[in-house]
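Here, each number is a calculation from the coordinates, and none is a lab measurement. Since the structure is predicted, the reported quantities are computational estimates derived from the model, not experimental observations. Methodologically, a virtual Cβ is constructed for each residue, glycine included, from the backbone with ideal geometry; neighbour enumeration extends over all protein chains shown.
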Amino acid sequence: MKFLILGAGPAGLAMGMELKNRGEDSFLILEKEAEAGGLCRSETVDGAQQDLGGGHFLDARPSRGQSFLFRYMPKEEWNYFERDSKIMVKGHLIGSPIEAHIWQLPTAEQVEYLKSIARAGANLDTPMPENFVDWIYWKLGERIAEDYMIPYNTKMFGKYLNDLGTYWLYKLPTVSFEDTLLSCLERRMYGSQPAHTCFYYPKRYGFGEVFRRMAQELSDKIEYGVDLKELDCENRSVNGQYQADIVINTIPWTEWTGLRNAPDEIHKAVGELKYTSLQVRYFGWTNQDQKTHWTYFPDLEIEYHREFYRSNFLLGSKGGYYETNTDRICSEHTDDWRYVNKYAYPCNTVKKPQAIKEILSFMESRRIFGIGRWGEWEHLNADRVVEHALDLAGRLL
Ligand SMILES: Cc1cc2nc3c(=O)[nH]c(=O)nc-3n(C[C@H](O)[C@H](O)[C@H](O)COP(=O)(O)OP(=O)(O)OC[C@H]3O[C@@H](n4cnc5c(N)ncnc54)[C@H](O)[C@@H]3O)c2cc1C
């Protein structure tokens with residue numbers, strides 16, 4: 001066939017749909033699981049849809065990715081929310097992001113936070129550090145670093161925390177001393193808002209519904225239960241069984257234990273790619289605060305790092321769920337519904353940009369293209385992944 005698409009998550013599905021929409025029929029999608037959707041799958045738990053990959057929301061800012069998804073699940077089928085997320089910091093429940101809500105802490109604490117922001121390297125114009133942990137102190141000051149950012153990111157990234165670079169931090173808001181001071185004096189939020197300030201969530205289903213519908217339209221083009229392990233870069237064959245003119249890889253490069261006809265540098269570059277795994281654990285109790293969507297827990301004594309209140313965004317449901325880096329799981333909770341995502345966060349280590357650049361450039365010379373969260377090894381959200389697939393489909397056709 002002309003195109004072989006590896007993985008039926010949002011990237012693979014969008015790629016397949018776009019090929020189909022453009023009249024291309026010679027393609028096949030291969031997927032390990034029994035269902036499509038990848039990290040964006042949902043299944044029924046305790047009477048309502050539960051997202052297997054943890055908290056998933058569609059960014060409300062209009063985008064090509066969002067319009068594409070609305071074609072398969074119209075906007076009328078989604079509820080619109082203004083994000084209400086909280087942080088439990090040293091026993092105080094305050095709004096998120098932390099730098100915009102310091103005014104919600106006791107006055108003596110506010111003074112300490114302000115002093116440390118004033119002393120932060122970024123506010124004193126000292127050079128920007130190149131590793132993530134130093135960058136946090138430099139950018140946000142020691143109080144935000146030690147009370148929130150370092151413990152929270154230790155919980156999320158665990159053993160890779162000290163390997164992370166800073167090139168991906170453009171996503172984080174800037175924190176100026178003046179804005180924080182004004183925010184504390186006027187007792188209101190200042191500064192820019194994080195991603196998903198406003199978002200959509202399906203009215204009656206989980207986030208995975210839109211991808212389930214796409215997979216249904218592509219049902220004769222997806223083979224399930226195919227665990228991909230071998231990729232021959234010379235003739236673009238996979239598992240010694242499928243072959244195509246062009247291969248589009250959306251599965252993690254680290255899954256290719258049998259990577260053939262690739263030089264040593266590429267094997268080495270693949271070895272540099274790191275990821276973390278995530279457990280999603282359901283709880284049956286319902287949050288009585290009718291607004292909060294989720295809470296961040298930096299406290300290292302608590303196993304999980306985020307707690308979601310499902311009933312506050314999937315209206316009519318109950319309960320919620322915890323997100324935990326699997327390296328931190330110490331309790332069994334055998335009765336609870338749980339799901340482990342082996343691949344959750346691609347780690348933005350200092351060495352990653354060079355490693356993925358080498359992999360993608362070598363693979364492209366062999367007409368093998370990498371897209372999506374794992375193909376590009378980037379923290380891409382589903383709408384962005386869809387856009388990358390649309391762009392690649394346009395380029396290849
Ligand atoms: C905790 C968390 C929260 C998130 N929140 C949001 C959010 O709020 N909004 C948002 O838009 N996005 C969010 N994302 C990102 C979103 O999950 C991704 O953008 C999206 O799933 C990426 O799609 P993908 O197809 O690139 O990768 P994936 O969804 O990971 O799909 C990859 C596919 O490849 C398959 N595969 C893997 N290995 C093999 C193998 N060996 N053989 C065959 N098939 C294989 C997998 O089964 C899967 O179907 C979040 C992610 C996480 C982890």
Expressed in angstrom and rounded, the centroid-to-centroid distance over alpha carbons for region 203-249 and region 60-135 is 35
How long is the chain along each principal axis, judged by its Cα atoms, biggest number first, in Å? 67, 49, 41
Specify which residue in the list A382, Y224, N123 is farthest towards the positive end of the charge dipole of the chain, using unit charges on the beta carbon of Lys, Arg (+1) and Asp, Glu (-1), about the Cα centre. A382
Using the charge dipole of the chain (Lys, Arg: +1 at Cβ; Asp, Glu: -1 at Cβ; taken about the Cα centre), state which of V238, Y304, S42 has its Cα farthest towards the positive end. S42
Which peptide among 141-147, 297-303 comes first, and what is the full order, when sorted by highest mean count of other Cβ atoms within 10 Å? 141-147, 297-303
Given backbone amide H placed at 1.01 Å from N, residues whose amide H is under 5 Å from that of K229, ignoring those fewer than 5 places away on the same chain, are N239
Using Cβ contacts closer than 10 Å as the measure, can you line up I356, I136 from fewest to most? I356, I136
Ranked by how many other beta carbons lie within 10 Å on average, peptides 314-324, 84-94 from highest: 314-324, 84-94
Mean-position separation - Cα centroids, region 310-342 and region 266-292, in angstrom: 10
Give, rounded to the nearest 20 debye, the magnitude of the charge dipole that region 315-391 has about its Cα centre when Lys and Arg contribute +1 at Cβ and Asp and Glu contribute -1 at Cβ. 240
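Just list whichever of K155/K351; K2/K351; K90/K115; K90/K291 have alpha carbons separated by over 24 Å in the model shown.
Working: K155/K351 21 Å; K2/K351 34 Å; K90/K115 18 Å; K90/K291 22 Å.
As for pairs spanning more than 24 Å Cα to Cα, those are K2/K351.
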Checked region 85-186 with the C-alpha gyration tensor, a ≥ b ≥ c its square-rooted eigenvalues, rounded below a/c of 1.5, otherwise prolate if a/b is larger than b/c and oblate if not; verdict oblate
Residue by residue through region 361-366, the couplings from Karplus 6.51 cos²θ - 1.76 cosθ + 1.60 with θ = phi - 60°, in Hz, x for Gly and Pro, are 6, 5, 4, 4, 5, 9
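Just how large is the dipole of region 82-237 about the Cα centre, in debye to the nearest 20, putting +1 at every Lys and Arg Cβ and -1 at every Asp and Glu Cβ?
Details: 19 positive and 23 negative charges, 121 e Å.
Computed about the Cα centre, the dipole is about 580 debye.
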Need one number: nm distance between label points at R61 and Q354, each 7 Å from Cα along Cα→Cβ, rounded to one decimal. 3.1
Looking at A100, Y72, A355, which one has the Cα that reaches farthest to the positive end of the dipole of the chain (charges on Cβ: Lys, Arg +1; Asp, Glu -1)? Y72
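By how many nm would the segment from D327 to D227 lengthen if fully extended, with 0.36 nm per residue of separation less the alpha-carbon distance?
So the extension gain works out to 33.6 nm.
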Can you sort C347, C184 from fewest to most other Cβ atoms within 10 Å of each residue's own Cβ? C184, C347
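Can you tell me the FRET efficiency between C198 and T126 if r is taken as the Cβ-Cβ distance and R0 is 41 Å, rounded to the nearest 0.05?
Approximately 0.70, to the nearest 0.05.
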Going from the fewest other Cβ atoms within 10 Å to the most, one would list S42, S96, S26 as S26, S96, S42
